[in-house]
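Chemist: Here it is, the structure in full.
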Amino acid sequence: MNKGGYWTYPDLRAIWNTTGRNGTYVLTYRAYRMDRGVLVPVTLPANEQDHITVVLDNTPVVAQINSVRYSDGVPIAECEAIHLPHSGSQALVFNITAYHPNGYLDEYGLDCYWGFNRPGGEFVSDHYPSPSEPPPMWHGPDHLTMPPLLPRDEHGAVMAWETCAYRFRLYVRVRTTDGYNYINGAEFNGYFSVAIP
């Protein structure tokens with residue numbers, strides 16, 4: 001705890017509430033010395049380390065599953081049951097938006113869970129830096145239609161569908177930090193029942 005009653009890291013020298021701020025800021029420092037109980041400014045020679053530049057971006061990220069289709073392109077309406085296989089395929093086509101307007105996307109993933117929070121597998125994921133856009137910017141996909149996908153486990157093996165209620169989850173994270181932890185992200189969920197004969 002610091003003197004103001006806030007928990008802080010041991011090496012933290014200042015707290016700057018940047019909530020809602022965007023832009024580039026240059027922070028400079030001044031040196032002081034104590035003279036008979038009074039702080040007196042000390043003039044130091046200019047150097048390249050007398051300031052830092054900080055970029056603040058609190059712009060929200062967009063996470064949305066825009067549509068779900070069978071692999072042959074037939075749309076699946078909201079609340080409609082998914083019957084698999086469909087036209088001989090158990091794959092689904094997702095159109096997603098995992099997008100940061102200013103290009104600070106860190107990662108996104110599309111996965112699913114069924115029943116009582118049982119992992120159903122991951123469909124797709126990507127992270128910064130992405131081959132789709134060179135650093136330092138990465139905006140992420142905006143209304144991107146994926147190829148037909150099957151849920152896969154952490155080793156890449158296809159996971160079997162279960163006849164049950166499913167949650168399709170798109171999670172998105174931005175590269176905005178508080179100096180230690182990521183602080184901005186979003187999640188979008190779509191719920192469907194899946195029926196397997």
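Chemist: Could you check segment 103-121 and list, in sequence order, the residues that are surrounded by fewer than 19 Cβ atoms within 10 Å (Cβ to Cβ) and either over 14 Å from Val172 (Cβ atoms) or of a type in the set (A, V, I, L, M, F, W, C) (or both)?
Modeler: First, the residues of segment 103-121 that are surrounded by fewer than 19 Cβ atoms within 10 Å (Cβ to Cβ): 103, 109, 111, 113, 115-119.
Of everything in segment 103-121, those that are surrounded by fewer than 19 Cβ atoms within 10 Å (Cβ to Cβ) and either over 14 Å from Val172 (Cβ atoms) or of a type in the set (A, V, I, L, M, F, W, C) (or both) turn out to be Tyr113, Gly115, Phe116, Asn117, Arg118, Pro119.
Chemist: So which residues in segment 63-72 are closer than 30 Å to Arg173 by Cβ and part of a loop (DSSP other than H, G, I, E, B), if there are any at all?
Modeler: Of the residues in segment 63-72, the ones closer than 30 Å to Arg173 by Cβ are 63-71.
Correct list: Ser71 only.
Chemist: Does any residue in segment 181-193 that is at negative phi and without any contact (Cβ under 8 Å) to a residue 60 or more places away in the chain come within less than 7 Å, Cβ to Cβ, of a residue that is surrounded by 14 or more Cβ atoms within 10 Å (Cβ to Cβ) and polar (S, T, N, Q) six or more places away or on a different chain, and which pairs are these?
Modeler: Taking only residues 6 or more apart or on different chains, the pairs are Ile183/Thr176.
Chemist: Got a sec? Which of Thr24, Thr18 is surrounded by fewer than 10 Cβ atoms within 10 Å (Cβ to Cβ) and either touching an Asp or Glu at 6+ places or on another chain (Cβ under 8 Å) or under 30 Å from Ile183 (Cα atoms) (or both)? Working first, answer last.
Modeler: Details: Thr18 fails: surrounded by fewer than 10 Cβ atoms within 10 Å (Cβ to Cβ).
Going through Thr24, Thr18 in turn, the sole match is Thr24.
Chemist: Just checking, how many residues over segment 37-88 are loosely packed, with under 10 Cβ neighbours inside 10 Å, within 28 Å of Glu187 (Cβ to Cβ) and touching a Leu at 6+ places or on another chain (Cβ under 9 Å)?
Modeler: 0
Chemist: Go through (1) over 11 Å from the mean Cα position of the chain (by Cα); (2) surrounded by 15 or more Cβ atoms within 10 Å (Cβ to Cβ) for Ile196 and report which single condition fails.
Modeler: (2) is the only condition that Ile196 fails.
Chemist: When both residues are 6+ apart or on different chains and their Cβ atoms are under 8 Å apart, which pairs have a first residue that lies in segment 39-57 and is closer than 30 Å to Trp138 by Cβ, and a second that is modelled with pLDDT of 90 or more and hydrophobic (A, V, I, L, M, F, W, C)?
Modeler: Matching pairs, first to second residue: His51/Val26; Ile52/Val26; Thr53/Val26; Val54/Val26; Asp57/Val174.
Chemist: Please state which one of Pro75, Pro60 is without any contact (Cβ under 8 Å) to a residue 24 or more places away in the chain and closer than 24 Å to Tyr171 by Cβ.
Modeler: Numbers: Pro60 fails: without any contact (Cβ under 8 Å) to a residue 24 or more places away in the chain.
Only one candidate qualifies: Pro75.
Chemist: Please specify each residue of segment 94-142 satisfying the condition of being among the hydroxyl-bearing types (Ser, Thr, Tyr) and over 30 Å from Ser193 (Cβ atoms).
Modeler: Going residue by residue through segment 94-142, those that are among the hydroxyl-bearing types (Ser, Thr, Tyr) are 97, 99, 104, 108, 113, 125, 128, 130, 132.
If the condition is that a residue be among the hydroxyl-bearing types (Ser, Thr, Tyr) and over 30 Å from Ser193 (Cβ atoms), then Tyr104, Tyr128, Ser130, Ser132 are the ones that fit.
Chemist: Also, quick follow-up: Only one residue in His100, His127 is buried (at least 18 other Cβ atoms within 10 Å of the Cβ), within 12 Å of Val172 (Cβ to Cβ) and touching a residue at least 12 places away in the same chain (Cβ under 8 Å), so which one is that? If you could, list the steps in order and put the result at the bottom.
Modeler: On the way: His127 fails: buried (at least 18 other Cβ atoms within 10 Å of the Cβ).
Going through His100, His127 in turn, just one is buried (at least 18 other Cβ atoms within 10 Å of the Cβ), within 12 Å of Val172 (Cβ to Cβ) and touching a residue at least 12 places away in the same chain (Cβ under 8 Å): His100.
The values are calculated or read from the model by the stated rules, or taken from the named source; none is laboratory data. All values derive from a computational prediction rather than experimental measurement. Positions of Cβ are backbone-derived with ideal geometry, glycine not excepted, and every protein chain shown enters the neighbour counts.
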